[in-house]
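Scroll down for the structure; my scribbles are underneath it.
Values in this text are rule-based calculations from the coordinates and carry no lab data. All of these numbers come straight from a predicted model, not from anything done at the bench.
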Amino acid sequence: MSYIFHSGYGYSRIICEDIAFWFLNEYFPRHEITVEIEHKGLKRDKVFGYCDVIGDYYRPRHFLIELQSRMSKELYIKTLFHELTHLAQWIRGDLRHRYGKLCYSQELVENYDYWDQPHEIEAREEEIRLYDQWLNEKQVVPPTKPSTNRPQCRIICYNNKVIKGTTHATD
């Protein structure tokens, strides 16, 4: 079961939940992942978002994504997909800490300028592909009764934070 917590200001709760839940169901349906998505002012940092591991870096399953508040809808969606791609890199083991330094596929990330870092190149490519895939699925696939082998969604609210979990139907 995966959990999504979100908080902050200047964002669409519905879009945040929909994208994060779609991504986790699409790419990690059987993993137990917790994602905290915070929306806040990041303009001083001159970034749109961050993704980091909470807790142990060995087989991480708890993540913090920080996003700039009040972005345009398209920029928000692409940025969230960009950060979710970093989450996927951590889960797959492509992105990891080795001896206190960030590595991507055994290569030190610090050996590259930011725009040339391999994990950032992948994330920029994936944000566009995922954005197009998500839009196409939202426009093409009509709502249907959930099948018994697809994960279903459960939403629970606690103090303005939404927990969304997947459960597998057993008929």
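Please give the Cα centre distance for the stretch 1-70 versus the stretch 81-98, rounded to the nearest Å. A separation of 12 Å, based on Cα centres. Across the stretch 77-90, computed HN-Hα scalar couplings (Karplus, 6.51 cos²θ - 1.76 cosθ + 1.60, θ = phi - 60°) run 4, 5, 5, 4, 5, 4, 5, 5, 5, 4, 4, 5, 4, 5 Hz from first to last residue, x flagging Gly and Pro. Rounded to whole numbers, the Karplus 3J(HN,Hα) couplings from phi for the stretch 108-114 are 5, 5, 5, 6, 10, 5, 3 Hz, using 6.51 cos²θ - 1.76 cosθ + 1.60 with θ = phi - 60°, and x at Gly and Pro. Taking the alpha carbon gyration tensor of the stretch 1-120, multiplying each eigenvalue by 5 and rooting it gives semi-axes of 23, 18, 12 Å, largest first.
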